[in-house]
Amino acid sequence: MAWNIRSLAEASARIRGAFRQYLPGTDTALPNNFVTIIGKVIAGLAHEFELRIAYLVKQMFITSATGKWLELLCSDVGIYRKQASAASGSITGTGAALTTYPAGIRFISGSVTYLSTTPATSAADGSLTLSVTSENKGSIANRESDGLLSLADPVLYPDLGTSWTVASGGLGGGADIELDDSLRARGLQRKRNPPGGGTLTDYERIVLAVPGVKAAWAFRGTLSPGTLFVFFLFEGRANYIPEPSDVVVVQAAVDAQRLIRVDDGVMVAPTPLPVNITIHDLSADTPEIRAGIASAIQAMFLAKCRPGIAGNTFTLWDAWIDEAISGVAGEDSHELIAPSAPIVLTNGQFPVLGTIDYGP
């Protein structure tokens, strides 16, 4: 139930009425009257208390709680704020032929440092692959494949190459500390979907608990009841499409908590499907409105869409795009030329914003 906060004028009027009722002969309408001043002071105190009560009422429910209050409510159902995590993966470079190098070799990229995690032996031609983990936590530590790292301590390892390349799959799994909106969504998902011993929502909850995961959708294999697929989006990636290194991290989390061992769960990065849009007769065509339109369409994709698979497709209605454009502040009218029909998502497709053509 919402808590209604009275204005200072409403509280003051109520107190003046109480003075007239319980102290006959007083007049709180007279300026500089002692009772008038007392009434204003009490009204101010009452207003402060009502503001505090309203704040506490908000903290009673996951839907409106914030900060530590939200953490406490979510912890009651076993959901905890995801902490920042490190990025990991493999890098390739050169060293002395047939030489074993220890763990703990430091590399650097920008302001982020990485450490090799296991010993590795170079090949006869000197090529060497090292598994590394970032010392810094957060999405800033993620690197795409073919990115470059530098050897941080060339004096300690003079026979190692100074330039190293991120291997296929990239360095992934790095994520920032979870924000309130994400924690709230996971808390509500848990309350609305109690554990079921291996239901699809159980697997979605496991994936959502991995730092950096933004959204997740679980499906049963259409031809094999023991097979399930979990598509997910990852923070800090282009269009939130995970890199292979992100998939490895999420797959490991699911394998560690698999609820029914006969389930063959596969973590999958959605296939991005660019949606090209053509708009004519935009009422107010400014850079700010164009940026707002792009942002609104991307937000709509995240809020309303999910990947589709064969036998369980998903329809992206062109009316949703129209609605997103119309909701941009300053936009009064437009004509959506393309897409002119609903888009059916299948084979793991997830919509991402393509080009926007504003026409003549």
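The values are calculated or read from the model by the stated rules, or taken from the named source; none is laboratory data. On a predicted model such as this, the values are computed, not experimentally measured, just so you know. Virtual Cβ from ideal backbone geometry, glycine too; neighbours counted across all protein chains shown.
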Task: Test: residue in segment 273-292 that is assigned by TED's automatic domain parsing to the domain that holds Phe314, at pLDDT below 90 and among the hydrophobic types (A, V, I, L, M, F, W, C) - done: yes
Task: Residue in segment 327-339 that is loosely packed, with under 13 Cβ neighbours inside 10 Å, under 23 Å from Asp285 (Cβ atoms) and of a type in the set (Ser, Thr, Tyr) present - done: yes
Task: Among residues of segment 58-98, those that are out of contact with any Lys or Arg (no Cβ under 6 Å at 6 or more places or on another chain), farther than 23 Å from Val210 by Cβ, without any contact (Cβ under 8 Å) to a residue 60 or more places away in the chain and assigned to a loop (DSSP other than H, G, I, E, B), counted - done: 5
Open item on the list: List the residue pairs whose Cβ atoms are under 7 Å apart, where the first residue sits in segment 282-305 and is of a type in the set (S, T, N, Q), the second is surrounded by 14 or more Cβ atoms within 10 Å (Cβ to Cβ), and the two are 6 or more positions apart or on different chains.
Closed with: Ser283/Glu331; Ser283/His334; Gln298/Leu353
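Quick grid of which residues meet (1) aromatic (Phe, Trp, Tyr); (2) under 30 Å from Glu204 (Cβ atoms); (3) outside the structural domain of Glu204 (by TED's automatic domain parsing):
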residue: Phe19; (1), (2), (3): yes, no, yes
residue: Gly25; (1), (2), (3): no, no, yes
residue: Glu71; (1), (2), (3): no, yes, yes
residue: Val77; (1), (2), (3): no, yes, yes
Task: Breaking point among (1) in a loop (DSSP other than H, G, I, E, B); (2) touching a residue at least 24 places away in the same chain (Cβ under 8 Å); (3) among the hydroxyl-bearing types (Ser, Thr, Tyr), for Ser150 - done: (1)
Open item on the list: For segment 137-147, which positions are part of a loop (DSSP other than H, G, I, E, B) and among the hydroxyl-bearing types (Ser, Thr, Tyr)?
Closed with: Ser145
Task: Qualifying residues in segment 141-173 (those that are of a type in the set (Val, Ile, Thr) and within 13 Å of Thr129 (Cα to Cα)) - the one surrounded by the most Cβ atoms within 10 Å (Cβ to Cβ) - done: Val166
Task: Asp176 closer than 25 Å to Ala238 by Cβ, out of contact with any Gly (no Cβ under 8 Å at 6 or more places or on another chain) and surrounded by fewer than 21 Cβ atoms within 10 Å (Cβ to Cβ) - done: no
Task: Long-range neighbours under 9 Å by Cβ, at least six apart or interchain, first residue closer than 17 Å to Ile241 by Cβ within segment 342-360, second surrounded by 15 or more Cβ atoms within 10 Å (Cβ to Cβ) and among the hydroxyl-bearing types (Ser, Thr, Tyr) - done: Asn347/Thr271; Gly348/Thr271; Gln349/Thr271; Phe350/Tyr240; Phe350/Thr271; Val352/Tyr240
- [ ] Keeping to segment 303-321, report how many residues are closer than 29 Å to Thr286 by Cβ and surrounded by 15 or more Cβ atoms within 10 Å (Cβ to Cβ).
- [x] 5
- [ ] Among the residues of segment 293-327, write down those that are assigned to a loop (DSSP other than H, G, I, E, B) and either at pLDDT 95 or above or within 18 Å of Lys214 (Cβ to Cβ) (or both).
- [x] Cys305, Arg306, Pro307, Trp317
